[in-house]
Amino acid sequence: FLLRRWPFTQNTAVDAFVCEPSRYTSRVVSYDPLIVHLENFITPAEREYLIERGSRSLVASRDGGPPKEGQARTSSTAFLPHNDTVGACLQKRAAEFQGFLPRSKIEMLQVVQYKQGQEYRPHFDWGVKSAHKAERETTIFGILEADCENCGTQFPEIAVDWSKEDERWCKFVDCGEGEILTFKAVAGSAVFWKNLHEDGTGDRRTLHAGLPVQNGTKVGLNIWTII
Ligand SMILES: O=C(O)CCC(=O)C(=O)O
Ligand SMILES: [Fe+2]
């Protein structure tokens with residue numbers, strides 16, 4: 001039984017490691033479903049480390065939840081071990097953001113790399129259950145590298161009329177995209193959202209896509225909280 005639990009027993013390296021302080025700024029995008037933008041969630045040094053660490057173990061990405069289509073996800077993916085020191089800092093930060101959750105609620109971090117033309121078509125992060133027999137209650141999708149154009153994260157079921165909102169948002173979202181919510185890929189920024197309704201069922205409004213990357217590379221980081 002113990003062996004099947006996640007390896008969160010003592011880990012001296014992780015416990016002794018001093019995390020960089022991150023002074024990030026949270027801004028609510030939507031109350032229902034809950035979506036919060038986190039500016040500077042990942043520090044430059046953490047980004048550099050995670051890009052390099054991720055690039056050492058990338059494999060072709062596997063699809064997440066339904067709807068299932070062939071080749072819906074064409075990126076490459078690397079899971080970081082739980083004893084990765086910098087990864088543990090991000091897990092702790094994500095857990096604390098959600099109200100001092102234990103780190104054991106955070107799934108293995110996943111680095112995702114997109115080259116020219118690669119994408120992740122509209123999908124849900126819930127309903128996956130395969131990895132750890134647990135449901136992904138929330139997602140934090142952070143940007144490690146955004147050397148690309150029109151390579152944001154789009155929520156086709158969520159409408160925001162940005163012409164009625166403060167123009168400072170336009171640094172982080174596509175203000176000219178009609179009324180579909182599209183976050184720009186901004187290095188260091190992250191987006192938090194809640195995948196599940198209160199009764200634990202999946203919220204279909206959280207449908208989202210990683211747009212096909214133009215002219216360059218995008219590297220992201222998935223921080224999923226499981227229940
Ligand atoms: O690349 C993106 O913008 C989104 C990625 C994503 O949704 C995922 O990896 O589950
Ligand atoms: Fe996703």
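Tabulated values for the structure
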| read-out | value |
| --- | --- |
| Spread of Cα-to-Cα distances over 10 Å intervals beginning at zero, given as percent, for region 25-226 | 9, 38, 41, 12, 0 |
| Inter-probe distance in nm under a simple model that places probes 7 Å from Cα toward Cβ, at H197 and K133 | 2.7 |
| Tilt relative to the chain, helix 44-55 - C-alpha long axis, 0 to 90 degrees, to 10 | 80 |
| Neighbourhood charge, 12 Å Cβ-Cβ cut-off, centred on S22 and excluding it, Lys, Arg +1 and Asp, Glu -1 | 0 |
| Over the chain: helical MRE at 222 nm, DSSP H runs n ≥ 4 each giving -39500 (n - 2.57), nearest 500 | -4000 deg cm²/dmol |
| Length-normalised contact order of region 102-227 in % [C-alpha pairs under 8 Å, at least 6 apart] | 50 |
| Of I143, I106, I158, the one that fluctuates the most in a GNM where the chain has Cα springs shorter than 10 Å | I158 |
| Accessible surface, per residue, of region 131-227 when the full set of protein chains is kept, probe 1.4 Å, Å² | 43 |
| Value of relative contact order over the chain, rounded to a whole percent, pairs C-alpha under 8 Å and six or more apart | 27 |
| Spin-label model distance (nm) - Y31 vs C19, 7 Å beyond Cα toward Cβ | 2.9 |
| Sum of side-chain charges, G99 neighbourhood, beta-carbon under 14 Å (Lys, Arg +1; Asp, Glu -1) | +3 |
| Crossing angle, helix 85-97 versus the chain [Cα axis fit, 0-90 degrees, rounded to tens] | 60 |
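The values are calculated or read from the model by the stated rules, or taken from the named source; none is laboratory data. None of these values were measured; they are calculated from a predicted model. In this analysis, Cβ positions are derived from the backbone assuming ideal geometry, glycine residues included, and neighbour counts consider all displayed protein chains. We work out accessible area using only protein heavy atoms, side chains counted, and drop any ligands, DNA or RNA first. Shrake-Rupley method; radii C 1.70, N 1.55, O 1.52, S 1.80 Å.
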